[in-house]
Amino acid sequence: MCGRYVIQSDPADVARAAGAQLAETYALPPTWNAAPAQFHPVVIASESGEVRMGPARWGLVPSWAKELPKTRPINARSESLFERPMFRHVAATRRCLVPADGWYEWVDLPEGKQPWYHCAARGEPMFFAGLWDLWQSPDGPLPTYTILTRDAVAETAEIHDRMPMVLDERDRARWISPQLRERDAVNALIAQSRPPPIRRWKVGRAVGKPSVDGPQLIEPIEA
């Protein structure tokens, strides 16, 4: 799964890498502890093909919900999107990119949960595959999103058996394209996706508190 991640790269550089324009209202600060129920950047393509990067709240709320549901999924299994009523429609029509510099996973130890930080081996920003929707809240339209997960690759499987679905450069535009709607085509893109080489290291437990933020959270500690 993916329950915390980092997005601290310059927004203009991230948007450029995604072929997107920054939303006029974009004002999100960098974070080394992106947590659920907070607003983070996502990249979305409109029906006309315009690609923008703007804020959305992590934890998917379906557009058809009559009130804010208690369960707001932060992750969705990529292998079974079309089998879940909550994800079936948005998997075909509302896919997004979730920019990230890395993510955290935890290992259960007798002395408590130990976090590990994961990032691209070359240090470049990544783009997770996501789904988004627009819920009409009492205060106005609320964009929300969830991050897709997949089976872990060899570099990460020792820490956790799942990981975010990372899209390479050739698949990013196609993933958010409004023309990609067929179930088989979406599933084929999911099946062929491959993350970049990943490196990881042990970090301090402070990342477990959403109120704690800063670059010190990804500093390695002794193994």
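When the stretch 64-93 is limited to residues that are loosely packed, with under 15 Cβ neighbours inside 10 Å and polar (S, T, N, Q), the one that is modelled with the lowest pLDDT turns out to be Thr71. Restricting to the stretch 141-166, what's the tally of residues that are assigned to a loop (DSSP other than H, G, I, E, B) and either farther than 15 Å from Leu189 by Cα or touching a Pro at 6+ places or on another chain (Cβ under 7 Å) (or both)? Qualifying residue count, the stretch 141-166: 6. When Gln114, Gln136, Gln179, Gln192 are screened for being touching a Phe, Trp or Tyr at 6+ places or on another chain (Cβ under 8 Å) and not β-branched (Val, Ile, Thr), only Gln114 passes.
Selection over the stretch 125-140 of residues that are of a type in the set (D, E, K, R) and either assigned to a strand (DSSP E or B) or surrounded by 17 or more Cβ atoms within 10 Å (Cβ to Cβ) (or both) gives a count of 1. Evaluating Ser9 against the criteria (1) buried (at least 16 other Cβ atoms within 10 Å of the Cβ); (2) assigned to a loop (DSSP other than H, G, I, E, B); (3) in contact with a Lys or Arg (Cβ under 9 Å, 6 or more places away or on another chain) leaves one unmet condition, (3). Do we find that Val207 is over 24 Å from Val51 (Cα atoms), touching a helix residue (DSSP H, G or I) at 6+ places or on another chain (Cβ under 8 Å), in a helix (DSSP H, G or I) and touching a residue at least 40 places away in the same chain (Cβ under 8 Å) in this structure? When the stated conditions are applied, Val207 passes them. The residues of the stretch 1-24 that are of a type in the set (Asp, Glu) and closer than 20 Å to Asp171 by Cβ amount to a single one, Asp13. Among the residues of the stretch 167-185, those that are over 20 Å from the mean Cα position of the chain (by Cα) and in a helix (DSSP H, G or I) comprise Arg183, Asp184, Ala185. Scanning the stretch 17-36 for residues that are part of a loop (DSSP other than H, G, I, E, B) and over 16 Å from the mean Cα position of the chain (by Cα), we see that the one that is surrounded by the most Cβ atoms within 10 Å (Cβ to Cβ) is Ala20.
Taking the criterion of being out of contact with any helix residue (DSSP H, G or I) (no Cβ under 9 Å at 6 or more places or on another chain) and either under 30 Å from Arg84 (Cα atoms) or assigned to a loop (DSSP other than H, G, I, E, B) (or both), the only residue of the stretch 195-204 that qualifies is Pro196.
Pairs are defined by a Cβ separation below 7 Å, a sequence spacing of at least 6 or placement on different chains, a first member in the stretch 173-194 that is touching a residue at least 40 places away in the same chain (Cβ under 8 Å) and under 14 Å from Arg88 (Cα atoms), and a second member that is part of a loop (DSSP other than H, G, I, E, B) and aromatic (Phe, Trp, Tyr); no pair meets this definition. Taking (1) modelled with pLDDT of 95 or more; (2) buried (at least 18 other Cβ atoms within 10 Å of the Cβ); (3) in a loop (DSSP other than H, G, I, E, B) in turn, Val212 satisfies each apart from (2).
Pick from Arg170, Arg162, Arg122, Arg174: which is surrounded by fewer than 19 Cβ atoms within 10 Å (Cβ to Cβ), touching a strand residue (DSSP E or B) at 6+ places or on another chain (Cβ under 8 Å) and basic (Lys, Arg)? Walk me through how you get there before you give the answer.
On the way: Arg170 fails: touching a strand residue (DSSP E or B) at 6+ places or on another chain (Cβ under 8 Å); Arg122 fails: touching a strand residue (DSSP E or B) at 6+ places or on another chain (Cβ under 8 Å); Arg174 fails: touching a strand residue (DSSP E or B) at 6+ places or on another chain (Cβ under 8 Å).
Within the list Arg170, Arg162, Arg122, Arg174, the selection yields Arg162.
Of all residues in the stretch 170-196, those being under 26 Å from Pro115 (Cα atoms) and either among the hydrophobic types (A, V, I, L, M, F, W, C) or modelled with pLDDT of 95 or more (or both) number 0.
Screening the candidates Ala18, Ala34 for the property of being over 27 Å from His160 (Cα atoms), touching a residue at least 40 places away in the same chain (Cβ under 8 Å) and in contact with a Lys or Arg (Cβ under 7 Å, 6 or more places away or on another chain) yields one hit, Ala18.
The values are calculated or read from the model by the stated rules, or taken from the named source; none is laboratory data. Predicted model, so just to flag it, every value in this text is computed and none were measured. Note that each Cβ is placed from the backbone with ideal geometry, even for glycine, and that neighbours are counted across all protein chains shown.
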